[in-house]
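So the structure is just underneath, and the comments pick up after that.
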Amino acid sequence: MAIFEHEVVVVGAGGAGLMAARYASEGADVAVLSKLHPLRSHTGAAQGGICAALGNEEEDHWIWHAFDTVKGSDYLGDQDAIVIMCQDAPRTIIELEHDGVPFSRTPDGKIAQRPFGGHTRNFGEAPVRRACYAADRTGHVILHTLYEQCLKRKVRFYNEFQVLDLLINPDGEVAGVVAYEIRTGEIHTFRARAVVLATGGYGRVYKTTSNAHANTGDGFAIALRAGIPLEDMEFVQFHPTGMYRLGILITEGARGEGGVLRNRLGERFMERYAPTVKDLAPRDVISRCIYQEIREGRGIDGKDYVYLDLTHLSLKQIETKLPEIATFSKIYLGIDPSREPIPVAPTCHYAMGGIPTDPDGRVYRAVRLLEGRDGNYQDEQGRWVTPRFELEYVPGLYAAGEVACVSVHGANRLGTNSLLDLVVFGRRVGKAIVQQLEREGRRLPALPDDPERRARQTLEAILSRSEGESVAQVRADLQQMMMDNVSVFRTAETLQQARQAIAEIRNRAERVRIDDHGRQFNTDLMEAWELLSLVDVAESIIHSAEARTESRGAHSREDYPKRDDARWLKHTLFYRYPDGSVELRYRPVTILPAEQYPFFQPKERKY
Amino acid sequence: MQVTVKIKRFNPETDEAPHWETYHVPADPMDRVLDLLNYIKWHIDGTLTYRRSCAHGVCGSDAMRINGENKLACSVLVKDLGPEITIEPLPVLPVIKDLVVDMTSFFRKYEAVKPWLINDDPPPERERLQSPRDHALIEEATKCILCGACTQSCPSTWADPDYLGPAALLKAYRFVFDSRDQGTEERLRIVDSNQGLWKCYTIFNCVEACPKEIDVTRWISALKRRAVTARY
């Protein structure tokens, strides 16, 4: 209907999008499009903390943080990006504090820090207090502060605009986006010199998830449809402590404060699996251990959950450090966690994979392998080497936050590193865009012909159908199928079943019928469109997981229980073409030179 | 159990005035009201329109009037409401469709109090120090999720829709009492007015409505005292 013009368009108003907007606004005209009001973004649900080696509570160093992240990633994280993140972390947190984030404080007034899963001192010796926090609402205060700063800086917000398409012109440059104004039902074109995809995660692909209803993976699907691959989609994080049946998150901070997991026998079972860090082992490890306990009949009452026990913490500790989860337990389970243990089970929480970017958030569409190898190899001394490769970028396109894959999380993300990823790489994207505009000028790229065509046709097709299944039915089947076949444990058999099922579900999803055929605030229509995103995401997870015949981080293949660095030390790139065919390509992991970073060389991962 | 859900509905494209519709929904006592709305939308009538996102009381999307009180649909359970549940949009705000209201005026009031940290000193190398005691002064106020339940429950808002209302005043409090902030004077100029602080008659509806259990009236009263001290 209308054409809007901005130098920068940011899609998504969570931590990454707002951070990018805040920093880009220092040298550009910035608009943020969000399908929600920005303050409803899911960053606000992040509870426990954001890690940075500030050393406010005890000795700490960025290199320790980087080591933990490399190891936590099961050696699939790109080590150059991890070093950048951990070095950038302290100053980024300090800037957040200067922007007004009300962090909890130490007695001497500094930002308080607490232990978190997988974060250790001195290369794995013992847990370290590295997570900066604001009680158990760290994401909430960061989200609100960033929105406040964007208002102060006069960033233009288009709230409740659902972005439907990314526009790339025949020259291969980003030209803008197409968005649906939910309130009016109008489709608009936004022209821009730079576009940032910061749309968050896809947890709603699974039945049990900590994620919001809004987390339908739209950004992943939009990128895929624009010919951009998705990286490492097989790596899906299941957080060990979701409230039983509801999936609502209980922060790892609860274990950081001293909470422990117990099985039916009352045994603190993590002592058996991870003798050094116990209940503060990384999430992939603990989620597997919980399922192992359940399989061996030690779930509570023989059922599929265990207990998170906080009853030995003081009431004051729970009230001051973990007030939100105490309230959630009270409201949703009728439980007072200072008296009774909380029933928990793993819940789909986070996407390690996503739109492939470099450490400045620049998106690439292809990799040129200069040595003909797509994975890492060992030299004569047994040191891991990264074969040379080049990236083919999409000019003007950036991605940040959960939808992006930098990759700092590799095969498994450590707790608190997602908030850190959002703010560090959101900030870097904002700064990189200002530099790009200064270097290359502010000319708006030409639009492709009839830019709104695909978006219009998709919506009109949904609106015009009077027969078909309901969105809810198809979505529920998809979510159950993913839960059954592609969750914590996987085998060739379950993945093959999933691959067949998703083809059928896609057919159904493309033929759903909705009740609401109106123009204004048609959330029925939006749910039907989002279902197509969920399907694209699920398909990318399934294909990537089926091909990877090893176990690494969150990708646990029961038929291939060992990590296989010789064959699989490489990133997956999943492509989907307009005819519906898919392709998997691979890219080496960036491993830093062994002479300089001996601790970063892949080895067995024990805790 | 079976519950009867009565919803005030309005479709701007077909209706001249709002009307009530009744649905019979199978429910568990531990279900959230949001679960009931989802059930209706997904299994009975897809045209039912409401906002929702996180579904556990942190995003603030789904504030609505439930059995006469402003609540988050995702934070109130069937067992606490009984078998008959009445749902309406938040009061005073213009209805866009069904339970979706136009929050523009609510957020305009929020923006009016300059809801960002004001501190023009060159930032130090490290964090600005803040004692735990100073932090405690604002901590509860920072829990606010801006859902609108408080402001739309306030009789002063009902009488004067331009009254800043509890959410915006709480936000002003949060910055005025932040030891790092230097904007007290300009903020007090905004809230020290008849459509600001002095239209709060300590009715405590906001406290009852707040899903985050913030003692809103207490903090507004502290801000009143601060305004009086600044004046005299």
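Scan segment A:160-178 for residues that are under 23 Å from the mean Cα position of the chain (by Cα) and away from chain B (no Cβ under 14 Å) and jot them down. Don't jump to the end; show me each part of the working.
First pass over segment A:160-178, keeping only residues under 23 Å from the mean Cα position of the chain (by Cα): A:160-166, A:177.
If the condition is that a residue be under 23 Å from the mean Cα position of the chain (by Cα) and away from chain B (no Cβ under 14 Å), then A:161, A:163, A:164, A:165, A:166, A:177 are the ones that fit.
Having 3 or more residues that are buried (at least 24 other Cβ atoms within 10 Å of the Cβ), modelled with pLDDT of 95 or more and in contact with a Pro (Cβ under 6 Å, 6 or more places away or on another chain) is the bar; report the helices (runs of 4 or more DSSP H) wholly within segment A:216-325 that clear it. Lay out the reasoning, then the answer.
Numbers: elements: A:218-225, A:253-256, A:270-273, A:283-295, A:315-321.
Because the criterion is at least 3 residues that are buried (at least 24 other Cβ atoms within 10 Å of the Cβ), modelled with pLDDT of 95 or more and in contact with a Pro (Cβ under 6 Å, 6 or more places away or on another chain), the helices (runs of 4 or more DSSP H) in segment A:216-325 that meet it are A:283-295.
Summed over segment B:170-187, residues that are open to solvent by less than 20 Å² (accessible area, probe 1.4 Å) and either in a helix (DSSP H, G or I) or outside the structural domain of residue B:212 (by TED's automatic domain parsing) (or both) total 8. For segment B:188-224, the tally of residues that are in a loop (DSSP other than H, G, I, E, B) and of a type outside the set (Gly, Ala, Ser) stands at 14. Can you spot a residue in segment A:43-58 that is touching a residue at least 40 places away in the same chain (Cβ under 8 Å), surrounded by fewer than 23 Cβ atoms within 10 Å (Cβ to Cβ) and away from chain B (no Cβ under 14 Å)? Looking through segment A:43-58, at least one residue is touching a residue at least 40 places away in the same chain (Cβ under 8 Å), surrounded by fewer than 23 Cβ atoms within 10 Å (Cβ to Cβ) and away from chain B (no Cβ under 14 Å).
Would you confirm whether any residue within segment A:62-79 is out of contact with any His (no Cβ under 7 Å at 6 or more places or on another chain), among the basic types (Lys, Arg), buried (at least 24 other Cβ atoms within 10 Å of the Cβ) and more than 9 Å from chain B (Cβ to nearest Cβ)? Yes, the conditions are met somewhere in segment A:62-79. One residue stands out in segment B:35-59 among those that are part of a loop (DSSP other than H, G, I, E, B) and of a type in the set (S, T, N, Q): the one that is nearest to the chain's Cα centre (by Cα), namely B:53.
A Cβ distance below 7 Å, combined with a sequence gap of six or more or placement on separate chains, defines the contacts here; from segment A:581-607, residues that are farther than 26 Å from residue A:372 by Cβ and open to solvent by 20 Å² or more (accessible area, probe 1.4 Å) reach residues that are assigned to a loop (DSSP other than H, G, I, E, B) and of a type in the set (Val, Ile, Thr) in the pairs A:607/A:276; A:607/A:277.
Looking at segment B:60-83, which of its residues are in a loop (DSSP other than H, G, I, E, B) and of a type in the set (Val, Ile, Thr)? The one that is in a loop (DSSP other than H, G, I, E, B) and of a type in the set (Val, Ile, Thr): B:76. Within segment A:327-334, can one find any residue that is touching a residue at least 12 places away in the same chain (Cβ under 8 Å) and open to solvent by 40 Å² or more (accessible area, probe 1.4 Å)? Within segment A:327-334 (the criterion being touching a residue at least 12 places away in the same chain (Cβ under 8 Å) and open to solvent by 40 Å² or more (accessible area, probe 1.4 Å)), the answer is yes, since at least one residue qualifies. Each residue in segment B:12-60 was checked for being surrounded by 18 or more Cβ atoms within 10 Å (Cβ to Cβ), at the interface with another protein chain (Cβ under 7 Å from one of its Cβ atoms) and within 21 Å of residue A:519 (Cα to Cα), and 5 of them qualify. Considering only residues in segment A:301-317 that are aliphatic (A, V, I, L, M) and touching a residue at least 40 places away in the same chain (Cβ under 8 Å), the one that is farthest from residue A:343 (Cα to Cα) turns out to be A:313. Out of the residues in segment A:104-135 meeting the condition of being part of a loop (DSSP other than H, G, I, E, B) and touching a strand residue (DSSP E or B) at 6+ places or on another chain (Cβ under 9 Å), tell me which one is nearest to residue A:72 (Cα to Cα). Filtering segment A:104-135 for residues that are part of a loop (DSSP other than H, G, I, E, B) and touching a strand residue (DSSP E or B) at 6+ places or on another chain (Cβ under 9 Å), the one nearest to residue A:72 (Cα to Cα) comes out as A:122. Summed over segment A:489-517, the residues that are in a loop (DSSP other than H, G, I, E, B) and crowded, with 18+ Cβ neighbours inside 10 Å give a count of 3.
Of all residues in segment B:71-80, those satisfying the criterion of being open to solvent by 10 Å² or more (accessible area, probe 1.4 Å) and touching a residue at least 60 places away in the same chain (Cβ under 8 Å) are B:71, B:75.
Of all the listed residues (B:138, B:96), the sole one being modelled with pLDDT of 95 or more and part of a strand (DSSP E or B) is B:96.
Could you please let me know if residue A:213 is open to solvent by 10 Å² or more (accessible area, probe 1.4 Å) and under 16 Å from the mean Cα position of the chain (by Cα)?
Working: open to solvent by 10 Å² or more (accessible area, probe 1.4 Å): yes; under 16 Å from the mean Cα position of the chain (by Cα): yes.
The answer is yes for residue A:213.
The residues of segment A:21-65 that are of a type in the set (A, V, I, L, M, F, W, C) and closer than 30 Å to residue B:50 by Cβ, listed by number, are A:21, A:31, A:32, A:33, A:36, A:39, A:45, A:46.
Quick check on segment B:128-138. Is at least one of its residues within 26 Å of residue B:189 (Cα to Cα), more than 13 Å from chain A (Cβ to nearest Cβ) and touching a strand residue (DSSP E or B) at 6+ places or on another chain (Cβ under 7 Å)? Among the residues of segment B:128-138, not one is within 26 Å of residue B:189 (Cα to Cα), more than 13 Å from chain A (Cβ to nearest Cβ) and touching a strand residue (DSSP E or B) at 6+ places or on another chain (Cβ under 7 Å), which makes the answer no.
Condition check ((1) of a type outside the set (S, T, N, Q); (2) in contact with a Leu (Cβ under 9 Å, 6 or more places away or on another chain); (3) in the same structural domain as residue B:142 (by TED's automatic domain parsing)) across all residues:
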residue: B:57; (1), (2), (3): yes, yes, no
residue: B:82; (1), (2), (3): yes, no, no
residue: B:91; (1), (2), (3): yes, no, no
residue: B:96; (1), (2), (3): yes, no, no
residue: B:115; (1), (2), (3): yes, yes, yes
residue: B:118; (1), (2), (3): yes, no, yes
residue: B:122; (1), (2), (3): yes, no, yes
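Screening residue A:91 against (1) part of a loop (DSSP other than H, G, I, E, B); (2) surrounded by fewer than 24 Cβ atoms within 10 Å (Cβ to Cβ); (3) within 14 Å of chain B (Cβ to nearest Cβ) leaves a single unmet condition, (1).
If you take the residues of segment B:91-103 that are out of contact with any Asp or Glu (no Cβ under 8 Å at 6 or more places or on another chain) and under 16 Å from residue B:11 (Cα atoms), which of them is surrounded by the most Cβ atoms within 10 Å (Cβ to Cβ)? So that I can check it myself, show each step before the final result.
In the first step, residues of segment B:91-103 are kept if they are out of contact with any Asp or Glu (no Cβ under 8 Å at 6 or more places or on another chain); the result is B:91-92, B:97-98, B:100-103.
Those left that are additionally under 16 Å from residue B:11 (Cα atoms): B:97-98, B:100-102.
Numbers: B:97: 24, B:98: 27, B:100: 23, B:101: 22, B:102: 12.
So the residue we want is B:98.
What do you reckon, is residue A:141 within 8 Å of another protein chain (Cβ to nearest Cβ) and open to solvent by less than 10 Å² (accessible area, probe 1.4 Å)?
Values: within 8 Å of another protein chain (Cβ to nearest Cβ): yes; open to solvent by less than 10 Å² (accessible area, probe 1.4 Å): yes.
Taking the combined requirement at face value, the residue satisfies it.
Answer yes or no as to whether residue B:123 is within 14 Å of chain A (Cβ to nearest Cβ), open to solvent by 60 Å² or more (accessible area, probe 1.4 Å) and free of Cβ contacts under 8 Å to residues at least 60 places away in the same chain. Let's see the steps before the verdict.
Details: within 14 Å of chain A (Cβ to nearest Cβ): yes; open to solvent by 60 Å² or more (accessible area, probe 1.4 Å): yes; free of Cβ contacts under 8 Å to residues at least 60 places away in the same chain: yes.
So residue B:123 passes the test.
For segment A:348-405, taking the residues that are of a type in the set (Gly, Ala, Ser) and farther than 28 Å from residue A:14 by Cα, the one that is surrounded by the fewest Cβ atoms within 10 Å (Cβ to Cβ) is identified as A:372. Being more than 13 Å from the chain's Cα centre (by Cα), more than 10 Å from every other protein chain (Cβ to nearest Cβ) and under 26 Å from residue A:209 (Cα atoms) is a condition met by at least one residue of segment B:64-78. Among the residues making up segment A:449-477, those that are open to solvent by less than 20 Å² (accessible area, probe 1.4 Å) and either at pLDDT below 95 or within 14 Å of another protein chain (Cβ to nearest Cβ) (or both) are A:462, A:471, A:472, A:474.
The values are calculated or read from the model by the stated rules, or taken from the named source; none is laboratory data. What you are looking at is a predicted structure, and each value in this text was computed from that prediction instead of being measured. Every residue, glycine as well, gets a Cβ built from its backbone with ideal geometry; the counts of neighbours run over all protein chains shown. Heads up: the accessible areas ignore ligands, DNA and RNA and are worked out on the full protein's heavy atoms, side chains in. Shrake-Rupley method; radii C 1.70, N 1.55, O 1.52, S 1.80 Å.
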